[in-house]
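Just below is one structure, and these are the notes that go with it.
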Amino acid sequence: MEDYKGATLVDWVENSIIKDIRDNKLSKGAEIPNELELAEKFDVGRNVIRESLSRLRMLGIIESRKRRGMVVAQPNVMAAFHKVVNPHMLSRETIIDLLGMRVSLEIGSAPMIINNVTDEDIAALKKIVAQERVTKKSKVDIEAEKAFHFKVYEISKNKAMLDFLSLLLPVFTFVYENFSDFDRFNKGKKEGQRIVRHKDLVGYLEARDLPGYQKAMEDHLIAYIDFINYWNNQESEK
């Protein structure tokens with residue numbers, strides 16, 4: 001229990017089973033001890049074991065198999081994230097960190113996107129941008145953001161990135177609607193700071209201009225970058 005100070009007995013057993021799976025390098029389909037064996041191993045009651053196993057099943061780490069008992073499963077990582085990422089439950093610090101991950105992912109994925117983009121993708125993006133002009137609002141249209149960036153992530157051919165964007169969209173909406181201090185970064189523009197819209201990004205993609213696209217994406221997300229830097233500076237001064 002020394003490694004899990006403050007944890008309940010169920011927490012300790014759950015983490016110990018995960019550690020055993022990791023340390024023994026068990027892969028999908030590998031059998032794990034039954035309830036009685038685990039109760040004896042950890043010297044706890046079977047009710048504790050049942051609750052620990054129930055948690056692991058919910059996380060997709062283990063599953064039941066007929067005539068085999070409990071086996072290691074292949075967890076859906078993003079599905080587990082979706083269960084816990086509710087912006088109303090997260091601290092401001094966590095939300096800021098998630099925004100930072102989004103910025104890093106968007107800019108860092110530029111080489112994959114430039115490498116994979118096709119003329120058909122460009123046409124699809126232009127169609128999305130044309131629709132944006134019809135639905136333009138004073139604030140960021142979250143549906144327009146979703147359509148454009150989903151398509152960009154799709155071009156990367158990385159499903160985890162698509163799942164991650166889906167995970168973060170409620171966080172973006174929460175920031176727009178609840179973080180009043182974000183508004184001045186979203187609406188304001190520093191001297192010499194260019195505004196890059198989706199249509200500008202499409203131009204760089206069409207030209208297959210990697211440095212240009214990467215810098216344009218950074219400028220496109222500058223409100224997030226400035227907001228994150230401002231918040232981090234505020235925290236460091238406390």
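Tabulated data for the structure shown
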{"quantity": "Qualifying residues in segment 4-43 (those that are within 20 Å of residue 63 (Cα to Cα) and among the hydroxyl-bearing types (Ser, Thr, Tyr)) - the one farthest from the chain's Cα centre (by Cα)", "calculated": "16"}
{"quantity": "Cβ-Cβ under 9 Å pairs, at least 6 apart or on other chains, segment 68-79 side at positive phi, far side exposed (fewer than 15 other Cβ atoms within 10 Å of the Cβ)", "calculated": "69/31; 69/34"}
{"quantity": "Matching residues in segment 37-61 - criterion: being in contact with a helix residue (DSSP H, G or I) (Cβ under 7 Å, 6 or more places away or on another chain), of a type outside the set (Gly, Ala, Ser) and free of Cβ contacts under 8 Å to residues at least 12 places away in the same chain", "calculated": "46"}
{"quantity": "Lone unmet requirement of (1) modelled with pLDDT under 90; (2) exposed (fewer than 14 other Cβ atoms within 10 Å of the Cβ) for residue 80", "calculated": "(2)"}
{"quantity": "Qualifying residue in segment 27-34 (condition: hydrophobic (A, V, I, L, M, F, W, C) and modelled with pLDDT of 90 or more)", "calculated": "yes"}
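The values are calculated or read from the model by the stated rules, or taken from the named source; none is laboratory data. Since this is a predicted model, take the numbers as computed values, not measurements. Backbone-built Cβ (ideal geometry, glycine too); neighbour counts: all protein chains shown.
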